[in-house]
Amino acid sequence: MRFTEGLAMKLGCFPSGWLSRLLAAVLAIAWCAPCLAQPRLLTAQVESSSQSSRTHGPIAVVWRLRSESTGLLRGSLAATVFDGTDVVMRVTTDELALATGEQSYRMILPAIDSSHGGGGAAYGGVRVVLRFVGPDLKTDLGDFPLRISDQWERTMAVAVCDPWQSQISNELRDFIASLRLETYCSSNKDQSVSVIPCHYRPKDLGTEPLSYCAFNVLLLAREGLAELREDQLDAITDWVNGGGSLCVVPDTAPLQREHLGFLNRLAGADNGLEPLIPDAAGRLSLAGAAPRLAAYGLGRVALLTGTRDKPVDSSEDLRRTVAFLWRMRHDMFGGFVSSGVWELPVVPADANAANQGPWDRNYFKQLRLERNRTLVPSPMQSADQLLE
């Protein structure tokens with residue numbers, strides 16, 4: 001210190017003490033530079049396209065974890081879920097062993113009824129604070145919003161199993177869009193129901209039936225079926241048996257023994273239907289046949305005979321498949337298949353009267369705030385008049 005001050009005074013360049021403070025700052029920065037440049041050992045991102053938000057259903061979240069450690073990182077993921085400022089749940093995984101590089105982890109959260117919901121598919125103030133807790137590393141991984149349906153809305157989820165993710169064809173994208181019930185509604189004023197597609201790579205689908213309860217419908221198309229393991233197929237079978245709806249488009253993908261057994265069990269010989277017999281390469285030849293719609297246990301299976309880019313040949317077959325998978329009410333089924341429109345009943349003029357008619361059972365009551373600051377019931381159409 002005295003040396004630097006003396007040098008500065010002799011040089012006459014700097015006031016006393018200035019150079020010593022400058023050199024101290026430079027040395028401090030040089031000492032901290034390696035720490036600042038060192039990357040975080042573990043980072044996390046949520047696969048937003050995979051997040052389900054089925055009303056009153058469990059929430060499926062896929063985490064993308066990236067480790068920069070040179071060895072295994074052992075520890076658990078600890079998730080704290082907030083609704084606004086309130087803690088609504090804490091979830092801790094079993095111990096994980098994370099190797100260097102990127103890997104995924106699928107987490108199933110219990111259903112959440114948010115009191116801070118926004119309109120439509122808004123995030124509604126629900127978020128997850130994620131931490132990694134291990135013997136050698138404890139670190140915050142981030143604060144992530146969760147997509148939760150509004151309390152006035154019925155949200156349903158279609159899980160699409162595909163290895164292509166954002167590279168899917170326009171035709172398949174159109175077919176996925178055709179599974180969205182709200183697109184068939186005759187009134188643009190009814191926003192009480194929405195269907196959200198969730199995309200999963202085959203390796204990210206679960207091996208236990210409970211994980212599929214986050215969805216209403218599961219779509220397996222071509223490689224989305226062919227790349228599934230046997231334990232995943234068994235879990236899907238149990239889920240369908242318990243009430244799930246499955247849509248399968250085998251196309252010309254070569255199938256293994258377990259995949260053919262899976263299809264015959266749900267929509268073939270084992271279910272009292274015509275057996276599905278592949279060619280020598282393991283491909284099914286279904287071109288030109290009508291969609292095969294079958295009940296399995298409490299669930300439903302639609303085996304479509306077209307290609308991945310054009311699963312069904314006619315608009316009527318498409319609407320029949322949509323109505324079947326979504327369990328459309330019998331009194332709505334025929335009209336929907338022929339017209340492709342979900343017709344809403346006319347609301348009587350005395351909709352808010354004290355003595356309401358039978359139509360009242362087909363509407364969801366929303367409390368809205370009038371200008372006079374009083375709460376009055378206002379009818380809002382819901383999916384109850386369309387689905388079983």
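The values are calculated or read from the model by the stated rules, or taken from the named source; none is laboratory data. No experiment lies behind these values; they were computed from the predicted model shown. Don't worry about glycine lacking a Cβ; one is built from the backbone with ideal geometry, like all the others, and counts go over all protein chains shown.
Observations on the structure shown:
- Residue match in the range 285-303 (condition: in the same structural domain as residue 236 (by TED's automatic domain parsing), modelled with pLDDT under 90 and basic (Lys, Arg)): no
- Helices (runs of 4 or more DSSP H) contained entirely in the range 208-267, each with at least 3 residues that are in contact (Cβ under 8 Å) with a residue 60 or more places away in the chain: 223-226
- Which listed residue, of 60, 8, 44, 97, is of a type outside the set (Ser, Thr, Tyr), surrounded by 14 or more Cβ atoms within 10 Å (Cβ to Cβ) and modelled with pLDDT of 90 or more: 44
- Residue count for the range 250-269 satisfying the condition of being within 31 Å of the chain's Cα centre (by Cα) and either at pLDDT below 85 or not assigned by TED's automatic domain parsing to the domain that holds residue 312 (or both): 3.
- Within the range 291-339, the set of residues being touching a helix residue (DSSP H, G or I) at 6+ places or on another chain (Cβ under 8 Å) and in a helix (DSSP H, G or I) comprises 316, 318, 319, 320, 322, 323, 332, 333, 336, 337, 338.
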